[in-house]
1. On the basis of being modelled with pLDDT of 95 or more, crowded, with 21+ Cβ neighbours inside 10 Å and either at positive phi or in contact with a strand residue (DSSP E or B) (Cβ under 6 Å, 6 or more places away or on another chain) (or both), does TYR258 make the cut?
2. Considering segment 75-85 alone, what residues qualify as being over 15 Å from GLY146 (Cα atoms) and either exposed (fewer than 14 other Cβ atoms within 10 Å of the Cβ) or in contact with a helix residue (DSSP H, G or I) (Cβ under 7 Å, 6 or more places away or on another chain) (or both)?
Amino acid sequence: MNDFPGDFLWGSATAAHQVEGGNTNNDWWDFEHNPSTAARESSGDGIDHYHRYVEDFALLSSLGHNAHRLSVEWSRIEPAPGEFSRAALGHYRRVLTALRDAGMTAFVTLHHFTLPRWFAARGGWLAPDAADTFARYAGRVAAGLGDLMPYVCTINEPQMIALHGYLEGYHPPGYTNPVLWRRAGEALLDAHFGCVRAVRAEADSRTGLAVQVPLLAPARDDDACRGLYELMQYEIVDRYLDNLTGPDAGDWLGLQYYRKQWVDPASPTYFAAPPPGTQLTQMGWAVHPDGLRLMLHHAARTGLPLYVTENGIATGDDTERVEYLRVHLAALAQARSEGVDVRGYLHWSAFDNFEWSEGYRPRFGLIAVDHDDDFARLPKPSAHAFARVARTGRLDALGTP
């Protein structure tokens, strides 16, 4: 008996700024080139996916993928307020047509971390017209590309946009303000609802939100730790899950899981270092595979169909990636056997790519990219192991540990 049904969606994910290259008109480009920020290096040419998407999709299809998640770059499509680029929309129409022709179902993210420079300058998500401005952009994309977007992801990881950008200062706009952190979270949720309405007015696409949900725990059993844990649990996870009700919630929910985190008010970051002996990734993240099962159950209370829209490990050891896939896909299969409605798994990431403030050092990809050899694509053993599972629906197809 197979561990996953025949109609299960298997694939991987990317984001425009991380792979396309040359996205010079957004807030991340400015952040990368400001020596006072947390950014280690420039995204530069990315992996030149902007020009190589046809061969990239053919490669992913050959590796058993029947779905793919990607984003369109807002700053290309709307380079100035209310000015929409026919050339950019034409480019993304060619991209999505190539994806469809490669036999993969498209999950198209409208906002994956990057904002047009003009939008950021007006206050970004804290501007009073932020939700309406985003909805205008979303409606234009849906009108132009909706026939090629069976699944639309409104916003990628709104809680991480708020946390990293407004509390930790790790992402643009680089603030460290707990009041603005909460305001940004509220604004992003409102923007999701407005985006759902805008897309539905123009297309038959199924809309959803992609949330990153770490498994949180108090670092110690005392009142201070428990109190901060409850606050962080709400602001990072439950604000987004509990409010996905009503007609504007969307049609599905994307769950993105990577790690367990311990909350600690004694830490300047609010998070304690993982306990000694914990398996850590290149990002310093604690590997805890059962957290995927637990958070799928937690997200199931929304009543929405679930898709794992990101899950993966940053590692230079590909055998570690195969083992990561083994234990996390087992957790996913167990959640399904326990009644959770999970319909697909999209690995992060398709390729080794630009990992935001960490630059090109972390290796999340199933496929390596040789930047010194014309961006040659080099599938790793994990890519072939994942292909065997995708083709058969069987966990044992990964191979012998």
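1. Values: modelled with pLDDT of 95 or more: yes; crowded, with 21+ Cβ neighbours inside 10 Å: yes; either at positive phi or in contact with a strand residue (DSSP E or B) (Cβ under 6 Å, 6 or more places away or on another chain) (or both): no.
When the stated conditions are applied, TYR258 does not pass them.
2. Of all residues in segment 75-85, those over 15 Å from GLY146 (Cα atoms) come to 75-76, 78-85.
Correct list: SER75, ARG76, GLU78, ALA80, PRO81, GLY82, GLU83, PHE84, SER85.
Here is a yes/no grid of residues against (1) touching a strand residue (DSSP E or B) at 6+ places or on another chain (Cβ under 9 Å); (2) buried (at least 23 other Cβ atoms within 10 Å of the Cβ); (3) charged (D, E, K, R); (4) within 19 Å of GLY312 (Cα to Cα):
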| residue | (1), (2), (3), (4) |
| --- | --- |
| ASP7 | yes, no, yes, no |
| THR24 | no, no, no, no |
| TRP28 | no, yes, no, no |
| ASN34 | no, no, no, no |
| GLY44 | no, no, no, no |
| TYR53 | yes, no, no, no |
| ASN66 | yes, no, no, yes |
| GLU73 | yes, yes, yes, no |
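Listed here are the residues, each with its yes/no results for (1) surrounded by fewer than 23 Cβ atoms within 10 Å (Cβ to Cβ); (2) in contact with a Pro (Cβ under 6 Å, 6 or more places away or on another chain); (3) closer than 21 Å to VAL211 by Cβ; (4) hydrophobic (A, V, I, L, M, F, W, C).
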position: ALA87; (1), (2), (3), (4): yes, no, no, yes
position: PHE107; (1), (2), (3), (4): no, no, yes, yes
position: PRO116; (1), (2), (3), (4): no, no, no, no
position: TRP125; (1), (2), (3), (4): no, no, yes, yes
position: PHE134; (1), (2), (3), (4): no, no, yes, yes
position: CYS153; (1), (2), (3), (4): no, no, yes, yes
position: GLU157; (1), (2), (3), (4): no, no, yes, no
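Here's the yes/no breakdown for (1) under 18 Å from THR302 (Cβ atoms); (2) modelled with pLDDT of 95 or more; (3) surrounded by fewer than 18 Cβ atoms within 10 Å (Cβ to Cβ):
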residue	(1), (2), (3)
TYR137	no, yes, no
ARG140	no, yes, yes
ASP147	no, yes, yes
TRP181	no, yes, no
GLY185	yes, yes, no
ALA201	no, yes, yes
ALA210	yes, yes, no
ASP222	no, yes, yes
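The values are calculated or read from the model by the stated rules, or taken from the named source; none is laboratory data. A quick note: this is a predicted structure, and the numbers were derived from the prediction, not measured. Neighbour counts are summed over all protein chains in view; Cβ atoms, including those assigned to glycine, are modelled from backbone coordinates with ideal geometry.
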